[in-house]
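Student: Mind having a look at this structure? Questions to follow.
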Amino acid sequence: MAREEQRRAAGMVTSSLLFSRLTVEEGFNAFDVDGDGVVSREDMGASVDSLGLGEFRDLLLRFHEDANRARDGMMSRQEWARALAGVDVQGLLFRPGGEGVSPGEAAGMVGAALLLNQLSIEEGFAAFDVDADGVVSREDLGSAVASLEMQLTPQEVDALFAHWSPSGAGVDREAWAAGLGGADVNGVIRSRDLFMLTRRALSPTPGGGEG
Ligand SMILES: [Ca+2]
Ligand SMILES: [Ca+2]
């Protein structure tokens, strides 16, 4: 499996766990469909289907094959952890040096950043209102974007700020909720080849794991 392909598949799996608030360990249990302590090729195929990732079936089965260093068709917990170690989902999400980011895309990136940091829209407001005066000013937005390492240019931050605060007075709670509520977060995540799954689609198998 080419390195780039491996990176892409590992990013898909890792982001699907991260955005679903599952640890790598919990993810292993979820993929170990029959709960026997290893992820077989059949487990992997069944997981791919139940997660609705059928279009990436071949890629993810090759990932399984590649991660399974022992080549016995049974991916162990250690092999799983090693294959997913060091995957930088944030880096993949906020890849620097791309083409210009539209205000709509930047809004989706903020939504994804909140998800990555496990913040609700309300908690996100508090995090972005850096000086805590009840309004996200242009300055607040710039500081928050920088501290999240979102890799937006000052011009892109200007455009996002204008998008959310056409009057330039700042983004209040209401405008923040409306702006993020309307943001295509999933579209941004998908456009990076990353995935967000619902918790229901991916839940650790009861009785899975050691034991
Ligand atoms: Ca299994
Ligand atoms: Ca403020």
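The values are calculated or read from the model by the stated rules, or taken from the named source; none is laboratory data. As the structure is a computational prediction, the values presented were derived from the model and not from experiment. Reconstructed Cβ throughout: ideal geometry from the backbone, glycine too, with neighbour counts over all protein chains shown.
Student: Taking the options Val101, Val89, Val110, name whichever one is modelled with pLDDT of 95 or more and not polar (S, T, N, Q).
Tutor: Val110
Student: Glu99 versus (1) more than 14 Å from ligand 2 (Cβ to nearest atom); (2) under 24 Å from Leu18 (Cα atoms): which is the lone unmet condition?
Tutor: (2)
Student: Kindly evaluate Ala81 against the criterion of being at pLDDT 95 or above and over 21 Å from Ala10 (Cβ atoms).
Tutor: Judged against the criteria, Ala81 is not a match.
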